[in-house]
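Asker: Can you read through this structure? Questions will come right after.
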Amino acid sequence: MRHLIMHMKNKIWKKVLKAVLSAAAVLAVCVVILEYKSDYKASAEIRNDAPVKTKKTIVINAAIEKVWRIFCDVDKWSSWQNEISSSKINGSFKEGVSFDWQSNGLTIHSTLNTVNSHKKIVWSGPAFGSFAIHSWKFKNQNGRTLVEVNESMEGWLVALFESKFQSGLDTSITHWLNDLKTESENIKIR
C-alpha cells in the first residue's frame with residue numbers, strides 16, 4: 001500500500017512539474033515575442049500618449065554653464081547621482097552618440113537625439129520591456145539655472161505595471177534633480 005501511495009505522489013508531482021515547466025515555457029515565448037515585436041522610435045520630445053510620464057523642475061543656485069558642464073559629463077554621473085552605479089559615453093556629447101549606464105539595477109543603452117548647447121538635451125533608450133525618452137531643458141534665471149525634466153516610458157512591461165513604473169519614475173527624477181542641484185551648488189571648480 002505504501003508503495004502505491006508513493007507511486008501516486010510521484011505521478012502527481014511529475015504532472016505538476018510538467019505543468020509548471022510548460023507554463024514557464026509559454027511565458028518565455030510570449031516575452032520573446034513581445035520584445036521582438038516592440039518597435040520604439042526615438043524623437044525630439046516625449047510621447048504624450050505614453051502610459052507613464054513625469055514632469056519636474058528645480059532651480060539651481062549656480063550658473064547655467066556650470067550645471068551644463070556637470071550634466072554633460074556622462075562618465076562622472078555615478079560620482080554625484082546616487083541612483084547611477086556606472087555610466088560611460090561612447091564618444092563626445094553630441095547628437096547620435098550613445099552611452100551606457102546602470103540605474104537602480106537596470107542596464108540601459110541610450111542615444112542622444114537632441115543636444116542644443118546650454119538649452120536642451122533629449123535622449124532615448126530601451127530597457128527590458130520598456131522604452132524611455134528623457135527631455136532636459138536648461139534656462140538661465142539671473143545667474144541661477146532652471147532645469148525642467150520631462151520623461152515618458154512605454155512598452156509591454158510598463159503597461160503591465162504602470163503604477164509601479166510611475167512611482168519609480170517620479171522618485172528617480174526627484175532624486176536626480178536634487179543630486180544635480182547639490183553637485184552644482186557645492187562643487188567649487190568645474
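Asker: What is the Cα centroid distance between region 107-139 and region 50-80, reported in whole angstrom?
Answerer: Here the two parts' Cα centres lie 11 Å apart.
Asker: Using the structure shown, list the pairs from Lys119/Lys164; Lys76/Lys120; Lys66/Lys164 with a Cα-Cα distance above 28 Å, or answer none.
Answerer: Numbers: Lys119/Lys164 31 Å; Lys76/Lys120 19 Å; Lys66/Lys164 34 Å.
From Lys119/Lys164; Lys76/Lys120; Lys66/Lys164, over 28 Å: Lys119/Lys164; Lys66/Lys164.
Asker: Same structure, new question: Can you pull the three principal axis extents for the Cα set of region 131-171, in Å, largest first?
Answerer: Largest first, region 131-171 extends 44, 16, 6 Å along its Cα principal axes.
Asker: Which of the peptides 87-97, 171-181 is most tightly packed, and how do the rest follow, going by the mean number of other Cβ atoms within 10 Å of each residue?
Answerer: Values: 87-97: 13.5, 171-181: 17.5.
Descending mean neighbour count gives 171-181, 87-97.
Asker: Given a 1.4 angstrom probe, I'd like the percentage of the accessible area of region 72-122 that is carbon and sulfur, rounded to a whole number. Write down the numbers at each step before the final one.
Answerer: Details: 1180 of 2530 Å².
Looking at region 72-122 in its full context, I get 47 percent from C and S.
The values are calculated or read from the model by the stated rules, or taken from the named source; none is laboratory data. Everything numeric here is computed off the predicted structure, so don't read it as measured data. We place every Cβ from the backbone using ideal geometry, glycine too, and count neighbours over all the protein chains shown. Just the protein is used for accessible areas: all its heavy atoms, side chains included, with ligands, DNA and RNA removed. Shrake-Rupley method; radii C 1.70, N 1.55, O 1.52, S 1.80 Å.
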